[in-house]
Every structure is written in structure tokens, then in C-alpha cells.
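Take a look at the structure below.
The values are calculated or read from the model by the stated rules, or taken from the named source; none is laboratory data. This is a predicted model, so every value here is computed, not measured. So basically every Cβ, Gly included, is an ideal-geometry build from the backbone, and we count neighbours across all protein chains shown. The accessibility values were calculated without ligands, DNA or RNA, using every heavy atom of the protein model including side chains. Shrake-Rupley method; radii C 1.70, N 1.55, O 1.52, S 1.80 Å.
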Amino acid sequence: MSDNWVSIGKQLSEHFAVYIPDMRNHGQSPHDAVFSFSAMADDVLELINDNHLGKVMLIGHSMGGKVAMQLAMNHGDKIDRLMVIDISPEKYPLRHSQQHVVEAMQRVTFTGIASRKGIEDQLIYSIPDFRTRQLVMKNLFRTGDNSFAWRLNLGAIHHNMDKLFDSVESDSAFGKPVLFIRGGQSDYINNNAWEKILKLFPAAMLETIPQAGHWIHADAPGELLIIMNDFLNRSFV
């Protein structure tokens, strides 16, 4: 959700107007049974049009990266340049680790739980990695009766999990500048993916942050920000 990118967004906002939306079924955005890259790309297009933003510099990480690529394929006239962080347009096999996290969240019982620790105690064995667990718990909020709930629409996400690993397809290409950034310790953008990337994005460039995994903005925020600012401020003639 957008909260994960507030720190990066604040620093970028020193030179740019920055919008960080929650995708549908995430954060404070509406819940909907329809959950696909195409639908989310349409949501972002609506945000651009409603705010009269003209051509934007679009940044997307992971699922958001596929949404950004889909929007570039569908409405390239709305985008000045594109930055895709640790994801490729390829179809991925279903990652059971992510399915496991969603299912662990679905098993949480909120009844009688008075503190966040009570929820973390339920997650600690199914999600032993501390960083992943903390990212998951950012989705907690207090309801009107002061009990806990998830902001995520877990039912829709779980039901559509396979769609989140689909490929981005198009009969045409997006010829404007595109920067792909990958974590050196992540396998989401491997060397085999580059052929398809160049087919869809012939002007694509690649940067690697060796010490980072998939969550680049958490693993190496300083290095990421330097690369982002360089690309966003670069003149392409």
C-alpha cells in the first residue's frame, strides 16, 4: 500500500509533484471483486485524468510495476517515462510464499485481541521473517468498535492470486524511456526476461542494486533514490 512508499515519495516531492495511490483492494482504496492488471491500470488512468496531470512519470514496484507496464501499453500517450522496480512483464509461476502469507492473514482471529502484539503472536510462526511480518501488519487498522481488522480485501486477493502472476501483453511497443531496476538478490528480473522486456520496451535500460532483494525500497533506499532521481531528471532528446 502507499504507506510503504511515503519516505521515498517525500524525498522525491522536493522536486516533483508526487501521487502515491493505494491500488484497489489495498490501503484505503475501495474493495472490488474484479482484481486484475487491466482494472488497476484503468484506476490509475482515472486518477491521472481526474487530477488533470497530463503526461506523468510513472513508477511501479512488483504488482504495481505490472500495473504501470499495462497502463503504458494501453495509454502510452499519458506517460512521459516509466520506471519499473524488480518485476518483468513475463508470466511467473504462482509463488507459494506469497499465497502462504495471504492465507496466514486470513487465519488471524481478531475476537478478543486488544493489541497488535496479540495479532503478531498469531503470525509469528507462519510468517517468521520479521520484515515481512511488519509489512503485513501495516495493513491493520482499528474499526469503529475499536477492534482490529485488515484493510486488504483478502478474499478478492486470494481468489485472484493467479492473475497477479500473469504476463503483460501487447501487440505494440512503448518506445519512450523505461528504466528497470532490480535487486541483485532477487530473481524477479533474470537475464532471460530481457528479450521480452526489449520487445515491449525497446528503449529499456537496466540498473542493478547488488545488495537488495525484492523489497528494494526497504533494503537500499538511499541507492534506489539516487538512481530514481538520476532517471527522473535526465533529459531525453
In segment 4-26, the residues that are within 17 Å of ILE85 (Cα to Cα), exposed (fewer than 15 other Cβ atoms within 10 Å of the Cβ) and in contact (Cβ under 8 Å) with a residue 40 or more places away in the chain: SER7
In the set PHE174, PHE180, which member is of a type outside the set (Lys, Arg), assigned to a loop (DSSP other than H, G, I, E, B) and open to solvent by less than 60 Å² (accessible area, probe 1.4 Å)? PHE174
Residues in segment 126-143: is at least one assigned to a loop (DSSP other than H, G, I, E, B), under 16 Å from THR111 (Cα atoms) and small (Gly, Ala, Ser)? no
Can you find, within segment 130-151, the residue that is farthest from SER97 (Cα to Cα) among those that are open to solvent by 80 Å² or more (accessible area, probe 1.4 Å) and either in contact with a strand residue (DSSP E or B) (Cβ under 8 Å, 6 or more places away or on another chain) or of a type in the set (D, E, K, R) (or both)? ASP145
What pairs come up if the first residue lies in segment 35-55 and is under 23 Å from ASN153 (Cβ atoms) and open to solvent by 20 Å² or more (accessible area, probe 1.4 Å), the second is part of a loop (DSSP other than H, G, I, E, B) and not charged (D, E, K, R), and their beta carbons are under 6 Å apart, counting only those six or more places apart or on different chains? LEU45/HIS75; LEU47/PRO21
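Conditions (1) over 18 Å from ALA41 (Cα atoms); (2) open to solvent by 20 Å² or more (accessible area, probe 1.4 Å), marked per residue:
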position: ALA72; (1), (2): no, no
position: VAL84; (1), (2): no, no
position: SER97; (1), (2): yes, yes
position: GLU103; (1), (2): yes, yes
position: SER167; (1), (2): no, yes
Of everything in segment 105-122, what is loosely packed, with under 13 Cβ neighbours inside 10 Å and not polar (S, T, N, Q)? Give them in sequence order. ARG107, GLY112, ALA114, ARG116, LYS117, ASP121
Condition check: farther than 21 Å from ARG133 by Cα, of a type in the set (Ser, Thr, Tyr), outside any loop (DSSP other than H, G, I, E, B) and out of contact with any Pro (no Cβ under 6 Å at 6 or more places or on another chain). Does SER7 satisfy that? no
In segment 183-203, how many residues are aliphatic (A, V, I, L, M) and open to solvent by less than 20 Å² (accessible area, probe 1.4 Å)? 4
Output the residues belonging to segment 152-174 that are farther than 12 Å from PHE201 by Cα and among the aliphatic types (A, V, I, L, M). LEU152, LEU154, ALA156, ILE157, MET161, LEU164
If GLY60 satisfies every condition in (1) open to solvent by less than 40 Å² (accessible area, probe 1.4 Å); (2) modelled with pLDDT of 95 or more; (3) part of a loop (DSSP other than H, G, I, E, B) but one, which is the exception? (3)
